[in-house]
1. Residue check: is residue B:250 over 30 Å from residue A:324 (Cα atoms), assigned to a loop (DSSP other than H, G, I, E, B) and at pLDDT below 95?
2. Say whether the condition of being part of a loop (DSSP other than H, G, I, E, B), among the β-branched types (Val, Ile, Thr) and out of contact with any Ser or Thr (no Cβ under 7 Å at 6 or more places or on another chain) is met by at least one residue in the stretch A:146-159.
3. Looking at the stretch A:491-500, is at least one residue touching a residue at least 24 places away in the same chain (Cβ under 8 Å) and either not in a helix (DSSP H, G or I) or not charged (D, E, K, R) (or both)?
4. With the structure loaded, tell me whether residue B:188 is of a type outside the set (A, V, I, L, M, F, W, C), over 30 Å from residue A:141 (Cβ atoms) and within 13 Å of chain A (Cβ to nearest Cβ) or whether it fails that test.
5. Mind checking whether some residue in the stretch A:120-142 is closer than 13 Å to residue A:300 by Cβ and surrounded by 24 or more Cβ atoms within 10 Å (Cβ to Cβ)?
6. Give B:276, B:248 a once-over and let me know the one that is among the charged types (D, E, K, R), over 29 Å from residue A:187 (Cα atoms) and surrounded by 19 or more Cβ atoms within 10 Å (Cβ to Cβ).
7. Which fully enclosed helices (runs of 4 or more DSSP H) of the stretch A:1-104 have 1 or more residues being of a type in the set (Ser, Thr, Tyr), within 14 Å of another protein chain (Cβ to nearest Cβ) and buried (at least 23 other Cβ atoms within 10 Å of the Cβ)?
8. I need a count of the residues in the stretch B:273-305 that are assigned to a helix (DSSP H, G or I), closer than 24 Å to residue B:69 by Cα and polar (S, T, N, Q).
Amino acid sequence: MEDLLNLFHGFSVILSWYNLGMMVIGLVLGVLVGVLPGLGGPNGVAILLPLTFSMSPTSAIVMLSCIYWGSLFAGAITSVLFNIPGESHSVATTFDGYPMAQQGRAGEALTASFTGSFFGALFSVLMITFLAPLVANFALHFGPPEFFAVYFLTFASFIGTGKDPFKTIASLMLGFGVAQIGMDNVSGTLRLTFGWSELLRGVDFLVVVIGLFGVGEILISMEEGLKFEGVHAKINPKVVWQTWKKLPKYWLTLLFGAVIGAWMGFKPGGATAASFMSYGLAKRISKNGYRFGTGELEGVLAPETAAHGSGCAALLPMMALGIPGSATAAVLLGGLMIWGLQPGPLLFVEQKEFVWGLIASMYLSNVVGLVIVLSSVPLFAAILRIPFSIIAPVIVVVCAIGAFTVNTAMFNIWTMLLFGVIGYVFKKLDYPLAPLILAIVLGDPTEVSFRQAILGSQGAMSIFFSNWLVGAMMSAGLLLLFWPFLASLWGKLRRSVAEG
Amino acid sequence: MKASQFRMKALRVAMLVTLALLICGVTVQAAEFKPSKPISFIVPYAPGGGSDVYARAIDNVIKSGKLMDQRFVIENKPGGSATIGTTSVAQSAGNDHMLLTFISGQVSGPLTVGKGAATYRDLTMIANLAKDEQFIVVKTDSPFKTIQDLVAAAKKSPGTVTIAGTATGQEDQMCNRLFEKAADIKVRYIPFKSGGECITALLGGHVAAIWANPSEFIPQYDAKMVRPIAVANNKRVGLLNTVPTFMEAGYKFEFDFFRAIAAPPKIKPEVAAYYENLMKRMSDSQAWKDNYLNKYMLSPMFLGSKDTAAFVAKNEKIFGDILKDLGLVK
């Protein structure tokens, strides 16, 4: 009850023309940041941080967090339209979002992705409002073995689903190889750099993605005769309403996505992992799972719900414990000190107005954000009408700028082009790209948490079954991994029983 | 004969005058070096990290105090334990409009990376501005009330006490190794990616203790969730003066986690002098104390260009020995 009172007080703080104006400005800037690949949430917020120095802390955090929400919403736009993820957490959105756009259903895909985002955000904000201390304490139970179990679960849910297990594994292994390049965090040694200083920083995941998807896609389109499949995209404002009518029957996917998002938000880089995990899981539980990758609405909903949910939940550890749950939250945390607030667990007690103002703004700004991005659907979908010969060079330039921006290095552009060619070859030979991306994104954190767990247990593998939480997740992962094998065994057993 | 002598003399005078003019010209210029365009301020770590905060604080203090006519453009070039950003500055020899944040990790980094990574010798040291303090922090309800308790536990069963820190081969692990040697114990060091991840692991009870700088644990300390039990400095530190030093507890070691400023190699002495002076004025200002040192709980430690180079050289020797001991440098 007290929480509700606090929340209403928060709303009274937020509802001023000035704060609402900051909210809209933040959201629009965030959409721009999100649309440009390479310029992600953390960079966007860091660049715009100085704008807020003269504002009151509450207005400042409202504007900055809105940039973050805006970028979370908009990361999906280029994923759907051009197969180029604007943000790392919208990679999984391309799997079904882009095929939908090619079938002329771009408006539907965008509406679903924005609505899913909104649902995930709402779920996380509700959780922050009512369960913050409880969730924060539960999340602290997650140590290295638990995190390894989570990643293991994700990999397991992906491996069993491919059409050709050999191709899936090959793609996965290549990804692990790429993920290893650079300095190893645990041993401090260099791996696969071949004495080349440019490779010290490793190959950034976003650069690979921009290459594989963006450049690779353009190469394919060129070969197919310089046309974009989505040219006949039907653009109709009614599409929003029609899509909404379909959504309730995907409640399970939405719910799972939201829970995964809220739960993974605690860990830096959680949004990207959450989106993959949610996609993998939806593929397993959905009746239409076998059609994923060909333009299923659920395949767009699942990752976006989890990604935005996780982005919002990342603010929970920041507020409850003073620990940033994501890179963007880390920049916001730095902002708190500049505005004269001491971040940390005492924030909830000492700065009630600020904290509840922020929570109230999360409700409001996600609603306003949804309206802004939804009203932009026809606008963005119209981009698909531009002839390929004009849009393709623009995409290549945007891709190159994006790759460069990731860590202002020319080398990234060459890497991007190389992966463009790899993406093209993969497509031609019908190798799946998803496992490759998954391994590049999660390979490093999986390895690190495995080794941290093993360091802690002095080499005993029993650490992965040392409590109910990690044990349950590992068992579920193993079950998923061997499911095809177990299923056929079960089938044989039944047949032999029936015959004998 | 006479005429030619006269001509020679005239020539000599002319040469002398030209030379004098040249020297004057140079000295006049020297006294008047001023940046003529914005200065790129390279931060070889990601936005939001300690070095990023440091660079932005310097930028703010200089800007608000109007200590310079030009402005800084902060560029984050993270990766490869800061070797990427550091090397890019080392390759900009003679660039008068570039500065770099330079911390102890950039001294140890090249030692483990080896060939090709720029060291302090490939840069011009401008000034050292501050020292970040290294604490061992435990959870409030930890059985380790003092650092002696932790040492006793580690002595009883070697290799079971877990201490987390940021990364491998950097400040936290080096400090940890010095502590092990001074106390003659063996603990289990577990590397995490950031200070935030370390404190999360500590609060969740996944490790017994962590190495952390004040800015990494003060929020949780204020909320009485964690408490520091020892600091690796030669004397107690500012607001945390109830925390004993390792020295006091009988473990003879200290560690310098310093924060300095460097510039590209081969810049003119007057350029280096200009920046050294700028940093001196900045570090003397009240705004620097209020908005950086006190806020993030660092100790002030100003050293000029020459002293910084000597200080860094001394530390490189120390770091090299520890890293060899850890098996990270051959």
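1. Criteria met by residue B:250.
2. In the first step, residues of the stretch A:146-159 are kept if they are part of a loop (DSSP other than H, G, I, E, B); the result is none.
No: the stretch A:146-159 contains no residue that is part of a loop (DSSP other than H, G, I, E, B), among the β-branched types (Val, Ile, Thr) and out of contact with any Ser or Thr (no Cβ under 7 Å at 6 or more places or on another chain).
3. No, the stretch A:491-500 contains no residue that is touching a residue at least 24 places away in the same chain (Cβ under 8 Å) and either not in a helix (DSSP H, G or I) or not charged (D, E, K, R) (or both).
4. no
5. yes
6. Among B:276, B:248, only B:276 is among the charged types (D, E, K, R), over 29 Å from residue A:187 (Cα atoms) and surrounded by 19 or more Cβ atoms within 10 Å (Cβ to Cβ).
7. Values: elements: A:2-14, A:17-35, A:41-48, A:57-82, A:91-102.
Where helices (runs of 4 or more DSSP H) fall fully within the stretch A:1-104 and carry at least 1 residues being of a type in the set (Ser, Thr, Tyr), within 14 Å of another protein chain (Cβ to nearest Cβ) and buried (at least 23 other Cβ atoms within 10 Å of the Cβ), they are A:57-82.
8. The qualifying residues number 5.
The values are calculated or read from the model by the stated rules, or taken from the named source; none is laboratory data. Everything quoted here is computed from the prediction, not taken from an experiment. Note that each Cβ is placed from the backbone with ideal geometry, even for glycine, and that neighbours are counted across all protein chains shown.
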